[in-house]
Every structure is written in C-alpha cells, then in structure tokens.
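This report refers to the structure that appears directly beneath it.
FYI, it's all coordinate maths here, none of it is from the lab. Everything quoted here is computed from the prediction, not taken from an experiment. Virtual Cβ from ideal backbone geometry, glycine too; neighbours counted across all protein chains shown.
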Amino acid sequence: MFLQVVPGQKKKTLDRRPGFVSRRILDYNVPKQLKETALDVESAGRLLDLYPVLGEELSLENYSQKFKALIHLVNIYIVVDRYTYHRSGFQRQFV
C-alpha cells in the first residue's frame, strides 16, 4: 500500500499588509506643578491637596478628572523608572 504525496500550493493573497503595524504611544503632557510635587519626596503628601479627586471614591462625576490624574502619575512613574533603569547599567542578557 503506497501513500501518494500531493504537493501543496501557496495561498494566493492580494492583501500584503504586515501582520503588525507599529504605532507610537501618545505623550501625555503632565502639568508642571503635579510633576514637581510627585518628584519631590517631601511634598509628595500634597498630591491630595492639588488633586483632591484622588482621595474621593470613584463616581460618574469624577471619573474623568481621576483618570487624567492617574494617567499623569503613571507617566511620571514610567519616566523615573526608565531613567533609573538606564542609570543602573543593567545589561539584559538574551538566551
């Protein structure tokens, strides 16, 4: 009993788009006063004075303001994290 091998054919496609499209992440302009307060260790407790919405319970009325403040704080954290990562001299080893 022989098995007959049938050669396959390449799928013909007219669409030549790449599978992944690179897009740049948008920058969020952090308010200067928030940035200075968040980066200063001694005045970090004043964040709730500048943005009292951070201490409030989430609601439909304060959702937008709270989300904006949190996005700004995350952006500050990422910048600081990148800076300390590059300054540490850490070399990533690929296996």
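Here are the numbers:
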| read-out | value |
| --- | --- |
| Mean Cβ neighbour count within 10 Å, used as a protection proxy, ranking 49-57, 76-84 highest first | 49-57, 76-84 |
| Segment 32-87: Rg to Rh, with Rh as the Kirkwood radius over Cα pairs | 1.03 |
| Extension gain from Q33 to Q65, taking 0.36 nm per residue of separation minus the Cα-Cα distance | 9.9 nm |
